[in-house]
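Colleague: The structure under discussion is supplied below as structure tokens; questions concerning it will follow.
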Amino acid sequence: MSIQVNSIYKSFGDFKALDNVSLEFPTGKLVALLGPSGCGKTTLLRIIAGLETADSGQVILDGQDASDRHVRERQVGFVFQHYALFKHMTVFENVAFGLRVKPRRERPSEAVIKKKVHDLLALVQLDWLADRFPSQLSGGQRQRIALARALAVEPKVLLLDEPFGALDAKVRKELRRWLRRLHDEIHVTSIFVTHDQEEALEVADEVVLMNQGKVEQVGTPDQVYDKPATPFVYSFLGSVNLFHGRVDGEVVHVGPHQLVHGGSTVADGSSVVAFARPHELTISKDPESLGVYAVIERVLTFGATSRIELIGLDINEEKTSQNYEVELTRLEVASLNVAEGDHVYLVPKKLSVFEHKGTAA
Amino acid sequence: MPINDNHNALADWQSEGVRATLKLTGHFNAHTLGGLWSTTRNDQTVWLSSNGASCQLSIDLAQVSYLDGAGIAFIIDLKHAQEAAGGSLTLLNLDKRYEPLINQYQPVKNLFPTDESDHHDSTNLIERVGKGMYELAEDAKLQTVFVGQIASSIGWAIRYPRQVRWNDFINVAVEAGVAALPIVSLVAFLIGVILAFQSAIGLKQFGAETFVANLVSLSIFRELGPLMTAILLAGRSSAAFAAEIGTMTVNNEVDALVTGGIDPIRFLVLPRMLAGLLVAPILSLFSDLIGVFAASLTMLAYQIPFVTFYEAVLKTIHVNDIMSGLTKSLLFGLIIAGVGCLRGMQTGTGAAAVGLSATRAVVSSLILIVVVDGLFAYISYKTGF
């Protein structure tokens, strides 16, 4: 089932949780809603599920306006961050619950329910836990049971609200691979909310980046990582070096230094923020090179790559508060022959320039 | 590029009466401006002091190859001096690419923003009263909706009695009813003793101890039995319902029910409402009997035997009195269960919200109990029921 939301607004008091959000979620895809805490992603998910109502805007499920349709009729499966399993029921009863409470006419027979629950528990690889109570399970197991419970009613849409948020790092990694495989098996249109960029990029077919109630960018994981549309996306996905300056023709003036950028649409003279990822910077000792002056603070080498941490220098060769990070291969570091304490120039191989929107400080 | 000191900046100051022109040439940044700034300002001060107000300074920027924040600060400084003396300043041939920079560096506007006068944090009395009224109205709206939902779910329960969760109903009834027996009997017993003693002290002065039975039994059956039971139930069960449902709300279990296609009103609220309806009258009848029994024991101390006491009770109490008390406790049961469930459903987020809901449940149900009791007293007085 395809999901579409059209110009959704939602505010809580003075706080705008969603500000004109329009999105389309294609059938059978696993889409991640990614953004920092409080950006409105969970609210959007709850509106799609029907647990909250939007102030204005439409939710369209399968081409039909479902804004007024009750949650019960939307056929969504919802998985919560803190599992929300029924504590007084066993695992089996939890999963069977959605089937057992159906009206008599639609309710399958007890034998069918039993088979279906065991199939689902087998799908989440936990059928040996059927008789336990939720309190006797680990966090990862509880979340898988919660997923089985959500799938029991054969939802047309699966919504996951930070499903791995309460789990430790190792279990998270395992579970997200498992979720990806599970999705490939069942192919239910799924949306999952996360604030973990790695999780979103690894698991999802498509990533929706949100910030302050607005959609910043929609694209495949590669697209959003390689071609960030806005400064927010750039700084949210992965580590980044940031330069404040002003565009002047082919170069960006950063303090007394100049950096060459690969062309930008920003008008000359306007102040900008320029971004370069650690692997998009090189280090030069040549005083004639166009780069930012900095001193090497630390060189950390692990495996094939080295990470070099630098601190900016002003014209009096004193340290500024700017930190930089460069990633080079071990060979490059050796050939450059740099050591801690060296004064060098940071030269970007690729520089993305965005207009600076804040007020002048 | 390293620190760039091979650039030069020139400022050519020319004044003629009240008009002066400053021609800027070259590369303007913090390094090149060093000496220029003070010499130009000196020129300006001398010129301004000899010519007074209505001085017009124009700055020609045609030959400027580079201008950054320092250069802008320089221009703004000149402008301020100009305005302080009552003169004016115009910029000529400013390259378009520096315009945004000029606009950006508006020190007065940025450093001393005019306060947006319609925004203020402190609230006055009228505002607080208004907000309070609004919240009260919102709460009343929610309660009305809730009452409607309960009414419709009771209708549903009558039509499909087999789909009601009778197991939950029995569990709740045992927890709220049977488990409350010790405390209810204790309180009822003490109330009976106290009431008998207090009235006996007064009536003895007139030699009318025999009428204690009439007084005590009537007030217990009509008023104190139902009321004390309701207050105890509000403290025990209303808080418990709010906490149970509140915990489920906080843990998203209620949301899980809803997305699973289950109406939480039918599933969670209805069994509790029915249990409240059943338990409250039974408990209050029980407490009536205990109270009267306690009173009869007390009166033994005044040489009034059991038989005399019960004769008097049977003569005083009619079926109407008992039914009136029971009707009232039926209503109390509805209030206690309903308010407890409503506050539970309204629970916010976080564990602290559960405690808050429990408190609110007790307070609201106590207030409603007293209000309903008052209304009932008035109706009884008017109709004689």
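Colleague: Within segment A:32-50, how many residues turn out to be surrounded by 22 or more Cβ atoms within 10 Å (Cβ to Cβ) and away from chain B (no Cβ under 14 Å)?
Modeller: 8
Colleague: Yes or no: segment A:192-207 includes at least one residue that is of a type in the set (Val, Ile, Thr), surrounded by fewer than 24 Cβ atoms within 10 Å (Cβ to Cβ), within 14 Å of chain B (Cβ to nearest Cβ) and not in a helix (DSSP H, G or I).
Modeller: No, segment A:192-207 contains no residue that is of a type in the set (Val, Ile, Thr), surrounded by fewer than 24 Cβ atoms within 10 Å (Cβ to Cβ), within 14 Å of chain B (Cβ to nearest Cβ) and not in a helix (DSSP H, G or I).
Colleague: In segment A:286-335, which residue that is farther than 21 Å from A:Phe243 by Cβ and of a type in the set (A, V, I, L, M, F, W, C) is surrounded by the most Cβ atoms within 10 Å (Cβ to Cβ)? Walk me through how you get there before you give the answer.
Modeller: Narrowing segment A:286-335 to residues farther than 21 Å from A:Phe243 by Cβ: A:299-306, A:329-335.
The next check asks that each one be of a type in the set (A, V, I, L, M, F, W, C); those that pass are A:299-300, A:302, A:304, A:331, A:333-334.
Numbers: A:Val299: 17, A:Leu300: 11, A:Phe302: 8, A:Ala304: 8, A:Leu331: 10, A:Val333: 19, A:Ala334: 12.
Checking each candidate, the answer is A:Val333.
Colleague: List, please: which pairs have Cβ atoms under 7 Å, are six or more places apart or on different chains, and start with a residue in segment B:15-42 that is closer than 14 Å to B:Ser58 by Cβ and end with one that is open to solvent by 60 Å² or more (accessible area, probe 1.4 Å) and in a loop (DSSP other than H, G, I, E, B)?
Modeller: Between residues of segment B:15-42 that are closer than 14 Å to B:Ser58 by Cβ and residues that are open to solvent by 60 Å² or more (accessible area, probe 1.4 Å) and in a loop (DSSP other than H, G, I, E, B), the close pairs are B:Val18/B:Ser54.
Colleague: Further, regarding this structure: Return the residues of segment A:147-164 that are buried (at least 24 other Cβ atoms within 10 Å of the Cβ), out of contact with any helix residue (DSSP H, G or I) (no Cβ under 7 Å at 6 or more places or on another chain) and modelled with pLDDT under 90; say none if nothing qualifies.
Modeller: Listed by number, the residues that qualify are A:Leu147, A:Ala150.
Colleague: Here's another thing I want to ask about it. Between A:Gly263, A:Gly269, which is modelled with pLDDT under 85, open to solvent by less than 10 Å² (accessible area, probe 1.4 Å) and part of a loop (DSSP other than H, G, I, E, B)?
Modeller: Numbers: A:Gly263 fails: open to solvent by less than 10 Å² (accessible area, probe 1.4 Å).
Of A:Gly263, A:Gly269, the one residue that is modelled with pLDDT under 85, open to solvent by less than 10 Å² (accessible area, probe 1.4 Å) and part of a loop (DSSP other than H, G, I, E, B) is A:Gly269.
Colleague: Would you confirm whether or not segment A:228-247 contains a residue that is charged (D, E, K, R), open to solvent by 10 Å² or more (accessible area, probe 1.4 Å) and not in a strand (DSSP E or B)?
Modeller: First, the residues of segment A:228-247 that are charged (D, E, K, R): A:246.
Next, from what is left, pick out any that are open to solvent by 10 Å² or more (accessible area, probe 1.4 Å): A:246.
Subset that is not in a strand (DSSP E or B): none.
Checked segment A:228-247: no residue is charged (D, E, K, R), open to solvent by 10 Å² or more (accessible area, probe 1.4 Å) and not in a strand (DSSP E or B).
Colleague: Would you pick out the residues in segment A:93-140 that are over 30 Å from A:Lys170 (Cα atoms) and acidic (Asp, Glu)?
Modeller: Matches in segment A:93-140: A:Glu106, A:Glu110.
Colleague: Looking at B:Asp95, B:Asp12, B:Asp68, which one is open to solvent by 60 Å² or more (accessible area, probe 1.4 Å) and within 14 Å of chain A (Cβ to nearest Cβ)? Step through it out loud before you land on a result.
Modeller: Working: B:Asp12 fails: within 14 Å of chain A (Cβ to nearest Cβ); B:Asp68 fails: open to solvent by 60 Å² or more (accessible area, probe 1.4 Å).
Unique residue meeting the criteria: B:Asp95.
Colleague: Of these, B:Ala213, B:Ala230, B:Ala200, which one is crowded, with 19+ Cβ neighbours inside 10 Å, at pLDDT 95 or above, aliphatic (A, V, I, L, M) and farther than 30 Å from A:Pro163 by Cβ?
Modeller: Of B:Ala213, B:Ala230, B:Ala200, the one residue that is crowded, with 19+ Cβ neighbours inside 10 Å, at pLDDT 95 or above, aliphatic (A, V, I, L, M) and farther than 30 Å from A:Pro163 by Cβ is B:Ala230.
For every residue, the table says whether it meets (1) outside the structural domain of B:Pro100 (by TED's automatic domain parsing); (2) within 22 Å of B:Pro100 (Cα to Cα); (3) at pLDDT 80 or above; (4) touching a Ser or Thr at 6+ places or on another chain (Cβ under 7 Å).
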residue	(1), (2), (3), (4)
B:Leu36	no, no, yes, no
B:Arg41	no, no, yes, no
B:Gln56	no, no, yes, yes
B:Asp68	no, yes, no, no
B:Ile75	no, yes, yes, no
B:Ala84	no, no, no, no
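Colleague: Return yes or no: is B:Met323 among the aliphatic types (A, V, I, L, M), buried (at least 18 other Cβ atoms within 10 Å of the Cβ) and either over 30 Å from A:Glu52 (Cα atoms) or touching a helix residue (DSSP H, G or I) at 6+ places or on another chain (Cβ under 8 Å) (or both)? Steps first, answer last, please.
Modeller: Working: among the aliphatic types (A, V, I, L, M): yes; buried (at least 18 other Cβ atoms within 10 Å of the Cβ): no; either over 30 Å from A:Glu52 (Cα atoms) or touching a helix residue (DSSP H, G or I) at 6+ places or on another chain (Cβ under 8 Å) (or both): yes.
When the stated conditions are applied, B:Met323 does not pass them.
Colleague: Residue check: is A:Val254 touching a His at 6+ places or on another chain (Cβ under 9 Å), on the phi < 0 side of the Ramachandran plot and free of Cβ contacts under 8 Å to residues at least 40 places away in the same chain? Give the steps one after another, and end with the answer.
Modeller: On the way: touching a His at 6+ places or on another chain (Cβ under 9 Å): yes; on the phi < 0 side of the Ramachandran plot: yes; free of Cβ contacts under 8 Å to residues at least 40 places away in the same chain: yes.
Criteria met by A:Val254.
Colleague: Identify all residues within segment B:202-222 that are over 12 Å from B:Met299 (Cα atoms) and among the charged types (D, E, K, R); write none if there are none.
Modeller: Answer for segment B:202-222, where residues must be over 12 Å from B:Met299 (Cα atoms) and among the charged types (D, E, K, R): just B:Arg222.
Colleague: Sticking with this structure for a sec: From the list A:Val266, A:Val247, A:Val295, which one is under 28 Å from the mean Cα position of the chain (by Cα) and among the β-branched types (Val, Ile, Thr)?
Modeller: On the way: A:Val247 fails: under 28 Å from the mean Cα position of the chain (by Cα); A:Val295 fails: under 28 Å from the mean Cα position of the chain (by Cα).
After ruling out the rest, the residue left standing is A:Val266.
Colleague: Also, I was wondering about something else. For the subset of segment B:216-227 comprising residues that are of a type outside the set (D, E, K, R) and open to solvent by 40 Å² or more (accessible area, probe 1.4 Å), which member is nearest to B:Val292 (Cα to Cα)? If you could, list the steps in order and put the result at the bottom.
Modeller: If we filter segment B:216-227 for residues that are of a type outside the set (D, E, K, R), which is where we start, we get B:216-221, B:224-227.
Now drop any that are not open to solvent by 40 Å² or more (accessible area, probe 1.4 Å), which leaves B:218, B:224.
Numbers: B:Leu218: 9, B:Leu224: 11 Å.
So, considering only residues that are of a type outside the set (D, E, K, R) and open to solvent by 40 Å² or more (accessible area, probe 1.4 Å), the one nearest to B:Val292 (Cα to Cα) is B:Leu218.
Colleague: Select from segment A:80-94 the residues that are on the phi > 0 side of the Ramachandran plot and open to solvent by 20 Å² or more (accessible area, probe 1.4 Å) and list them in ascending order.
Modeller: If we filter segment A:80-94 for residues that are on the phi > 0 side of the Ramachandran plot, which is where we start, we get A:83-84.
Scanning segment A:80-94 gives a single hit, A:Tyr83.
The values are calculated or read from the model by the stated rules, or taken from the named source; none is laboratory data. Being a predicted model, the structure only gives us computed values, none of them experimental. Every residue, glycine among them, receives a Cβ derived from its backbone with ideal geometry; neighbour counts consider all protein chains shown. The protein model used for the area step is the full one, side chains on, heavy atoms only, and it has no ligands, DNA or RNA in it. Shrake-Rupley method; radii C 1.70, N 1.55, O 1.52, S 1.80 Å.
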